[in-house]
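Notes follow the structure.
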Amino acid sequence: MKLAYWPGCVSRGFTPELHGSMALSAEALGIELVTLDRANCCGAGVIAEHNQELADTLNARTFALAQETGLSMMNICSTCQGAQSECQERLDADSAYRSHINDTLSGEGLAYTKDKDGFTNKNFLWLLVEDYGLDKLAEKVKRPLEGLRVGPFYGCYVLRPKTRLGYDEFPDRDLYLEQVIEVLGGQVVDYDGARRCCGFPVITMNKETSLRQAGTHVGDAIDAGADCLVTPCPLCHLNLDMQQPEAAKVVGRDLGLAVLHLPQLVGLALGFDPKQLGMPKHIASTIAVEDRVSALA
Amino acid sequence: MSAYTLKVRRYQPEAEEDDKRGAYWETFDVELDPTLSVLDGLLQAKNDKDGTLAVRCSCRAAICGSCGVKINGQSTLACKTQLGEAAEEAARMARNGGGEAEIVVEPMGNMPVIKDLVTDMESTHWTKFRRVTPWLLPSGPPPEREYIVPAESMVDVTQSVACIQCGACVSSCLSMEADPDFIGPAALAKAYRFVGDPRDGQTTERLYDLANDPHGMYDCTHCFSCIDACPKGVAPMNQIMRLRRLAGDDHGIRDVNNGHNHEMAFVKNIKKKGTLDESLLLQESYAPGVKGKLMPRVSAIKGLLGSIPTAIRGIKTGKMRSVPKLIPGVHHKLPGDAQGHVEEIYERAEESKIQLNLYIIGEGGEEDHAAEEVEPESVSEEPTTA
C-alpha cells in the first residue's frame, strides 16, 4: 500500500513523537508513505473562519499536490481531516468555484480535480479499518496488548458533522477506535468523554472552559479504570497531555493519565519499544503503560 | 408492528417511594410500526403503562420544537426520530453484533429537569435567547409601508431564520457543559439572524456586545455538536463563525477573549511559514506586535505568562527541545518556491473573499451554481421584486 502522506503541522511541532511513531508503524505495516513536503497547513478551521476562499484554496493546493502523485491521501490529524473535508465539500459542490480556485493554483501548475468517485483523503484511523483492514492488522500484531485498558478519544473533527464526514457510506467511523483497540489485544474502557471535545480550540481564548473539558474527560477515564487514552488527533493530545497538569488545577483533582497517539498504540502492538515511539516526550507520564507493556514482552 | 424497549431517564419530584427519589431509569416495552416516532413510543407507554410519564409535545411534525430529548445520547426531537432507526442506532453503539438493544431516552442536557423528560427551558434557553436582543432594531423612522429589501440580501440569514427554538443545540453544546455562562448556539445563531439582517440598525453594537462578553462568540469550541443536533439544518456553529468574521474582520472589533488576535496570528503565520510555527502563534495570539506597535491587553500578557509552565515542561521532556520549536520565527518555511505560491494564494483570496453558501446551493450539491460574492448589504432604496 502506497499513499500520499500529509503529516500536518503539529506532528512536526509540539508532538514530534507522532510523526516519528507514524513512520515506524507504517513501515512495519508495509505502508509506503510519500510525504507531501511542499504542502501547507490545513488552516484548522481558523483560516476558514477568517476567509473561506483562502482556506479552500490552500487545501485545494494540498489536494492537487496529492493528486500529482496519483495516490490517495492520508493524514494523521483529526483536525486536518475535518478542516480539509469542509473545504473539499465546498470545492466539490460547485464547478465555477472550483475553476476560480484552480485559476489561483495555475501559477504553480497545479489543479484540483473532482474525481468521479471523489478525491480520497483519510485519517490513519479510517484508512486502517477501511483500506488496510483489521484482519491484516491482526496478522501484524506481535505483542497483543493484553490487559491494557485503553480509553478511546476521537476528536470532534472526525466525528461531526456526520453528513460531511462520510458517515452515510461508513456509519461505524465513530466506533473504529474501539475496533482497533480490540484488534491490538487491548481492552476498551467506556467513559463519558470518548466523543466529546478536548477544548483545545479555545485554549488561547477561554483557558478555563478549555481545560475544564480536557480535565473532565481525563478524570472520567481514570475513574472508569483506564491505563491510558488513545487519540488520532495531535491537537487533542496537546490539551489532554501537554496541558494535563494545568487541567488538573482547573478541575481540582489529581490526574496523571498517559495519552497515546494512535500510531504509538499500534506501534506497541507491533513490538516497538516505547522509547522508539517517543513516549518519554509526553508530559503525562507513560511509565505505567511502559511497565505493563514490558511485562507482556 | 415491532416490539421496542425504551429505557427512559425519569425524575418524579413528588414521588414518595424510596426507589423513585432522585433520577432513575425505567424501561417500557412498546409495540409499534418501525416508521412511527420515538415520541409515539413514549405516548404509548404513557397511555398504556404509566400515566405519570412526563414528556412535552405538541405538533408531532418537527415544527413546534416542543419534544427535544436525547435519544441514544444524541440531542434531537422525539417526533423526528423513527423507532426503527433509533433501535438500529442503539444496537450499533452497543456493539453487540446487531442484537436487540434498548432505545435510551433522556431529558435534554445543559438545563435543569422539571420532571422526567420535561426540562426547564426558561432558566437557560430563553434567558440566553433574550440576552441577544432577539428582535429587529431598525435605525431611523419606520417606512410608510413595509421594509423592502433585495431578496439576495436575506440569503445569508435564511439558515438562521429556520430555527424553531427546540433547544436541541443547547442540549448538545460541549462548551456549555464546561462553561454554563456561555451564551450558546441557539442564542448566537439568533444573534446572527439580526446582525445579518439589512434592516437592522444596530449591527456594530450587537457585534461589539457579543465580542466583549467573555462567554460570547469566542467561547464556542468548534465541536460541531450543534450542527448534528439541529433538526432544521440551522448549523448554529456556522452562524457563530459568521459573527466572528463580521466582528473581527469587517468591523475591526478587538474582543475580550483575544479571539480575533488568535485568528489573525494564525492567518499571518501560515502566510509567512506555510506550516504552523506554534511558538510564534502563541506569542502573537496573546500579544500581537509585541516587538513594537500595539500595547497588548493585560489579559493577553497574563495568557502569555500563564503558558510558561507548560513550555518549561515541554522543554524538560524533549517535546520542545529543538530551537525552531522554541524560538518564535525560527521555524522553517516551505521548500523551494512553495512559500511564494502560498503567498500568491493569499493575495488573490484576500482580494475576492468568496463565501460559498452550501445551505443555499445544497451540500455536495450539483454543479454549475454560480459562486456568489457576498458583500455587506445595505437597505435598498429601490423596491425590488423577489
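Of note:
- The calculated 222 nm mean residue ellipticity attributable to helices in chain A amounts to -13000 deg cm²/dmol, summing -39500 (n - 2.57) over DSSP H runs of n ≥ 4 and dividing by all residues.
- Within 10 Å of each Cβ in A:156-165, the average number of Cβ atoms from other chains: 5
- With 5 Å bins beginning at zero, the pair-distance distribution over Cα atoms of chain A amounts to 1, 6, 12, 17, 19, 17, 12, 9, 5, 2, 1, 0 %.
- Approximate shape of the range A:107-230 as ellipsoid semi-axes (Cα gyration tensor, √5λ), whole Å, largest first: 28, 24, 12
- 0 to 90° range, to nearest 10: angle between helix A:78-93 axis and chain A longest Cα axis: 20
- Sorting the segments B:144-155, A:25-36 by their residues' average number of neighbouring beta-carbon atoms within 10 angstrom, most packed first, yields A:25-36, B:144-155.
- Taking 18 Å as the straight-line reach from the Cα of residue B:46, the aspartates and glutamates in range (excluding those fewer than 8 positions away in the same chain) are B:14, B:26, B:29, B:31, B:33, B:102, B:106, B:116.
- The order of the peptides A:187-198, B:219-230, A:94-105 by mean Cβ neighbours within 10 Å, most packed first, is B:219-230, A:187-198, A:94-105.
- For the range A:217-295, trypsin sites (Lys or Arg not before Pro) meeting the loop criterion (DSSP other than H, G, I, E, B) and having at most 13 other Cβ atoms within 10 Å: A:275.
- From the C-alpha gyration tensor of the range A:214-297, square roots of 5λ in Å: 22, 13, 10
- Shielding score for B:308-320, defined as the mean number of other chain Cβ atoms within 10 Å: 5
- Distance between modelled label sites at residue A:142 and residue B:145, nm, 7 Å Cα→Cβ extension: 8.2
- The modelled label-to-label distance for the pair residue A:253/residue A:28, using points 7 Å beyond Cα in the direction of Cβ, is 3.3 nm.
- Whole-angstrom Cα spans of the range A:79-125 along principal axes, big to small: 34, 21, 17
- Segments A:132-145, B:31-44 sorted - mean Cβ within 10 Å per residue, highest first: B:31-44, A:132-145
- Fraction of alpha-carbon pairs over 21 Å apart in the range A:2-123 - percent: 36
- 30 Å Cα-Cα threshold exceeded, pairs from A:162/B:302; B:115/B:190; A:142/A:281; A:281/B:273; A:162/B:353; B:80/B:353: A:162/B:302; B:80/B:353
- Alpha carbon Rg of the range B:121-250, scaled by the compact-globule rule 2.2 N^0.38 Å: 1.03
- Of all DSSP beta bridges in the protein assembly as shown, antiparallel share, percent nearest 5: 45
- The range B:23-52 and the range B:122-143 have their alpha-carbon centroids 38 Å apart.
- Rg(Cα) / (2.2 N^0.38 Å) computed for the range A:141-296, rounded to two decimals: 1.00
- Within chain B, all pairs of alpha-carbon atoms sorted by distance into 10 Å bins from zero give the percentages 4, 18, 23, 22, 18, 11, 3, 0.
- Projected onto its three principal axes, the C-alpha set of the protein assembly as shown covers 66, 63, 53 Å, listed from the longest axis down.
- Spin-label model, residue A:208/residue B:316: points 7 Å from Cα along the beta carbon direction are separated by 2.6 nm.
- In terms of its Cα atoms, the range B:1-63 spans 37, 27, 16 Å along the principal axes, sorted from long to short.
- Summary of the geometry: the range B:181-229 and the range A:100-121, compared by the centres of their Cα atoms, lie 34 Å apart.
- Accessible area per residue was computed with a 1.4 Å probe on protein heavy atoms; residue B:267 scores about 0 Å².
- Using θ = phi - 60° in the Karplus curve 6.51 cos²θ - 1.76 cosθ + 1.60, the 3J(HN,Hα) couplings for the range A:194-203 round to 3, 10, 9, 9, 6, x, 4, x, 10, 4 Hz; x is entered for Gly and Pro.
- Considering only Cα atoms, the convex hull volume of the range B:2-118 works out to 105 Å³ per residue.
- Principal-axis tilt of helix A:287-296 within chain A, Cα atoms, nearest 10 degrees: 80
- Estimated from helices alone, the mean residue ellipticity of chain B at 222 nm is -10500 deg cm²/dmol (sum of -39500 (n - 2.57) over DSSP H runs with n ≥ 4, per residue).
- Under the convention that each Lys and Arg Cβ holds +1 and each Asp and Glu Cβ holds -1, the size of the dipole of the range A:69-114 around its Cα centre is about 80 debye.
- Our Cα-only numbers for the range A:206-261 put the radius of gyration and Dmax at 10.1, 30 Å.
- Protein accessible surface hidden between A and B, which excludes ligands and nucleic acids, total in Å², probe 1.4 Å: 7000
The values are calculated or read from the model by the stated rules, or taken from the named source; none is laboratory data. Note that the coordinates shown come from a computational prediction; the quantities given were computed from them, not determined experimentally. Backbone-built Cβ (ideal geometry, glycine too); neighbour counts: all protein chains shown. Note: accessible area is taken over every heavy atom of the protein model, side chains too, but ligands, DNA and RNA are not part of it. Shrake-Rupley method; radii C 1.70, N 1.55, O 1.52, S 1.80 Å.
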